[in-house]
Amino acid sequence: MRNILAIIERELRAYFNSPIAYVVLTIFVFLSGLFFRSILGQVMQMALISQMQAQQLGPRPMDMPGMISRGFLSTMSVIMLFIMPMLTMGLFSEEKKRGTIELLLTSPLTDLQVVLGKFLAAATFFIILLVSTWIPMAALYLYSSPASGPILTAYLGLLLYGLAIVAIGLFISTLTENQIIAAVISFGAIMVLWLVDVVATNAESPTSKGLLTYLSILSHLDDFMKGVLSTSHIIFYISLMLVGLFLTYRSIDSLRWRG
Amino acid sequence: MITVQNVTKRYATKMAVEGVSFQVEKGEILGFLGPNGAGKTTTMRIITGYMPASDGTVRVDGFDVFENPIDVRRRIGYLPENPPLYVEMTVTGYLRFVAKIKGVPKERLDSEVADVMERTSITDVKDRVIAKLSKGYKQRVGIAQALLNDPPVLILDEPTIGLDPKQIHEVRQLIKDLAGKHTVVLSTHILPEVEQTCHRVIIIDRGKIVAVDTPQNLRLQLQGAERISIEVQGPVSEILSKLRAMPGVVDVRKIADIDGRHRLEVEGELRKDIRSDLARMIVQNGWGLYELQSSTMSLEDIFLKLTTAEESEKQNA
């Protein structure tokens with residue numbers, strides 16, 4: 001455990017000793033504020049329209065805070081797709097490039113400790129990003145009283161989703177010595193997992209359609225956003241994360257054999 | 001302390017190391033000598049458990065590298081060819097991290113880090129960022145890292161590369177001081193380094209061991225015989241026959257004639273100094289002696305002879 005902590009600590013220091021942590025955090029907080037404001041504007045407009053319609057058709061209930069939080073957190077999930085590769089790109093690729101991987105792999109650490117240390121470090125940074133979205137959410141709580149249930153499940157969904165993406169990015173960073181290549185491949189892989197949804201709508205057979213929809217990384221978030229907790233979605237993200245971690249572990253092992 | 005048995009490492013396209021076996025005793029400094037790409041780094045990486053061998057076994061302090069990798073790694077301090085430095089960290093920060101992953105107990109962390117910095121004389125740069133250090137300092141930070149947690153075995157891949165002559169001298173002195181307490185395996189392609197620091201040398205070429213011995217023995221063994229070149233004036237046939245009849249002389253050859261003087265090469269018996277006898281014989285016969293020089297082979301010659309002998313063997317085959 002102490003070994004894993006040492007790796008997490010070093011990795012977090014590396015994030016915050018380089019500009020990357022600040023750049024990522026700044027852009028993320030800026031974008032989340034921007035999107036929160038634009039979603040807020042859209043929902044207000046919808047409320048205005050529905051108010052006008054209400055005069056003719058009678059009053060209709062509208063959950064404004066719920067719409068805002070749902071819209072905002074869904075948007076955040078898309079922004080994370082773009083930002084996460086930057087957190088994971090250097091995890092192993094930089095170690096390979098600078099030869100420090102040789103230090104890690106000849107220290108009295110198991111490969112699993114190395115993999116978990118790296119994973120948890122990136123996961124910690126991801127959680128910092130996630131926590132930063134509480135700033136606009138706090139404003140929502142300040143001026144309205146949204147239902148907390150769906151917000152909690154949405155955050156749980158985002159957490160699982162983020163951990164799965166971190167694990168995939170971690171694996172991809174073991175494949176190359178070049179961080180940029182790692183980032184681009186991670187980005188591509190995540191895009192594919194996102195866009196299989198679109199392919200699914202055009203799929204011919206119902207089986208392939210079902211399979212492709214199942215693989216889509218964002219479709220599993222919908223229920224979390226609506227406040228529905230379903231085991232199948234939880235299992236999907238956890239499996240994706242475990243596959244990522246397993247592949248990372250195997251990749252390190254094969255790195256040893258290939259030298 | 002280290003037993004390497006029949007170790008082979010195959011890559012997809014080539015054989016990096018083939019059937020290498022040797023032993024290193026406790027407290028010994030063993031030098032690995034060979035041209036670049038001979039398999040030195042691969043052998044060292046196998047001993048440290050960085051990569052598994054395709055065949056054969058390695059035991060360190062009784063532990064098998066493949067079966068008990070963590071026990072082995074706990075006993076080894078390793079300096080890879082490129083010092084494994086996180087350049088954005090400070091020297092102290094880096095060494096503290098390495099100490100932690102090497103399992104130095106919390107209460108000894110500070111004293112251990114201070115100690116290795118003292119031994120490698122890098123205390124004066126302890127708060128500097130590694131990226132900003134000179135090559136010599138970086139190399140010494142790499143050595144300091146290997147010394148952490150006082151491992152009984154040190155594997156140093158090209159420890160003096162990139163250092164200036166003064167630093168090279170310091171590092172060699174440091175390595176010599178480590179002997180006795182630590183078992184050291186170091187690799188180099190610089191010959192004087194081996195002669196100055198190592199108790200025993202392994203010469204490796206194209207993945208195979210071509211010689212193992214002390215630097216002194218290696219020189220004697222390969223030299224075969226003492227070779228002396230002389231320049232004399234006098235009747236050449238008489239000189240040749242009289243010298244050949246001398247005790248201790250194996251052979252005399254004429255190399256060249258220069259202005260009525262003759263340059264000869266005298267081969268003496270192994271480990272027998274015939275230079276004064278030779279001079280007396282020449283002077284007693286009234287010949288003129290212009291030059292007398294013994295030509296010992298340097299380890300460099302031996303090294304070249306060994307590695308090129310292999311080459312010509314291959315061509316013959």
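The values are calculated or read from the model by the stated rules, or taken from the named source; none is laboratory data. As the structure is a prediction and not an experimental result, all values here were calculated from the model. When we count neighbours, we look across all protein chains shown, and the Cβ atoms used for this are built from the backbone with ideal geometry, even at glycine. Surface accessibility is based on the protein's heavy atoms, side chains included, excluding ligands, DNA and RNA. Shrake-Rupley method; radii C 1.70, N 1.55, O 1.52, S 1.80 Å.
At a glance:
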quantity: Peptide B:72-84, shielding by other chains (average Cβ, 10 Å cutoff); calculated: 4
quantity: A:Glu94, B:Glu291, A:Glu204, ranked by accessible area, largest first (probe 1.4 Å); calculated: A:Glu204, B:Glu291, A:Glu94
quantity: Accessible area per residue, Å², region B:225-294 with all protein chains present, probe 1.4 Å; calculated: 55 Å²
quantity: Global geometry of region B:15-138, whether rounded, prolate or oblate, following the gyration tensor of its Cα atoms and the 1.5 cut on a/c; calculated: prolate
quantity: Rg over Rh [alpha-carbon atoms, Kirkwood Rh] for region B:2-220; calculated: 0.96
quantity: Charge context of A:Arg250, other residues only, Cβ under 12 angstrom, K/R +1, D/E -1; calculated: -1
quantity: Share antiparallel - DSSP beta bridges, chain B, percent rounded to 5; calculated: 70 percent
quantity: Residues in region B:100-146 occluded by at least 50 Å² - accessible area, probe radius 1.4 Å, against chain by itself; calculated: B:Lys100, B:Ile101
quantity: Pairwise centroid distance, computed over Cα atoms, of region B:166-217 with region A:14-69, Å; calculated: 68 Å
quantity: Across A:Lys118/A:Lys209; B:Lys26/B:Lys100; B:Lys26/B:Lys126; B:Lys242/B:Lys272, pairs whose alpha-carbon gap is larger than 29 Å; calculated: A:Lys118/A:Lys209; B:Lys26/B:Lys126
quantity: Local net charge near B:Leu95, Cβ-Cβ under 9 Å (Lys/Arg +1, Asp/Glu -1); calculated: +1
quantity: With Cα atoms, 0 to 90° folded angle of helix A:64-88 axis to chain A main axis; calculated: 20 degrees
quantity: Residues B:Arg119 and B:Ile70, FRET efficiency given R0 of 25 Å [Cβ-Cβ distance, rounded to 0.05]; calculated: 0.45
quantity: Relative contact order computed over chain B (Cα-Cα under 8 Å; 6+ residues apart), in percent; calculated: 18 percent
quantity: Share of carbon and sulfur in the accessible heavy-atom surface of the protein assembly as shown [1.4 Å probe, %]; calculated: 59 percent
quantity: For region A:137-240, accessible area per residue (1.4 Å probe, heavy atoms of protein chains only), Å²; calculated: 48 Å²
quantity: For residues of B:40-51, the mean tally of beta carbons on other chains within 10 Å; calculated: 3
quantity: Cβ-derived FRET efficiency at R0 22 Å, B:Lys135 paired with B:His199, nearest 0.05; calculated: 0.20
quantity: Unit charges on C-beta of K, R, D, E only; dipole of region B:178-284, Debye; calculated: 240 debye
quantity: Over region A:136-259, relative contact order from alpha-carbon pairs under 8 Å, at least 6 apart, %; calculated: 39 percent
quantity: Loop chymotrypsin sites (Phe, Trp or Tyr not before Pro), region B:60-160, which have at most 15 other Cβ atoms in a 10 Å radius of their Cβ (DSSP); calculated: B:Phe66
quantity: Separation in nanometres of the label points that stand 7 Å from Cα toward Cβ, at B:Arg10 and B:Arg128; calculated: 4.8 nm
quantity: For region B:101-112, Karplus couplings with θ = phi - 60° (6.51, -1.76, 1.60), whole Hz, Gly/Pro x; calculated: 6, 8, x, 5, x, 3, 6, 9, 3, 5, 5, 5
quantity: Considering only region B:91-250, percent of DSSP beta bridges that pair antiparallel, nearest 5; calculated: 45 percent
quantity: List of region A:1-46 residues, accessible area with partners at least 20 Å² below that of the chain alone (1.4 Å probe); calculated: A:Arg2, A:Asn3, A:Ala6, A:Glu9, A:Arg10, A:Asn17
quantity: ³J(HN,Hα) computed for each position of region A:227-233 - Karplus, 6.51 cos²θ - 1.76 cosθ + 1.60, integer Hz, glycine/proline x; calculated: x, 9, 9, 10, 4, 5, 5
quantity: Most to least accessible of B:Glu118, B:Glu25 (protein chains only, probe 1.4 Å); calculated: B:Glu118, B:Glu25
quantity: Per-residue mean of C-beta atoms belonging to partner chains within 10 Å, peptide A:93-103; calculated: 5
quantity: Convex hull projection area averaged over all views, the protein assembly as shown, Cα basis, nm²; calculated: 39.3 nm²
quantity: Antiparallel %, DSSP beta bridges [both residues in the protein assembly as shown], to 5; calculated: 70 percent
quantity: Two-site label geometry, B:Lys254 and A:Lys226: point separation in nm, points 7 Å out along Cα→Cβ; calculated: 11.0 nm
quantity: Sum of -39500 (n - 2.57) over DSSP H runs of 4+, divided by residues of the protein assembly as shown (222 nm, nearest 500); calculated: -19000 deg cm²/dmol
quantity: Dipole magnitude of chain B, debye to nearest 20 (Cβ charges: Lys/Arg +1, Asp/Glu -1, about Cα centre); calculated: 620 debye
quantity: Within the protein assembly as shown: Cβ-based charge dipole about Cα centre, in debye rounded to nearest 20 (Lys, Arg +1; Asp, Glu -1); calculated: 920 debye
quantity: Relative contact order [Cα under 8 Å, 6+ residues apart], region A:2-258, whole percent; calculated: 26 percent
quantity: Contact surface A-B: accessible area buried, both sides summed, square angstrom, 1.4 angstrom probe; calculated: 2700 Å²
quantity: Theoretical FRET efficiency, 1/(1+(r/R0)^6), r = Cβ-Cβ of A:Tyr22 and A:Leu159, R0 30 Å, to 0.05; calculated: 0.85
quantity: For B:Val17, distant residues with modelled amide H under 5 Å away; calculated: B:Lys9
quantity: Accessible surface ranking that places the most exposed of A:Thr201, B:Thr160 first, with a 1.4 angstrom probe; calculated: A:Thr201, B:Thr160
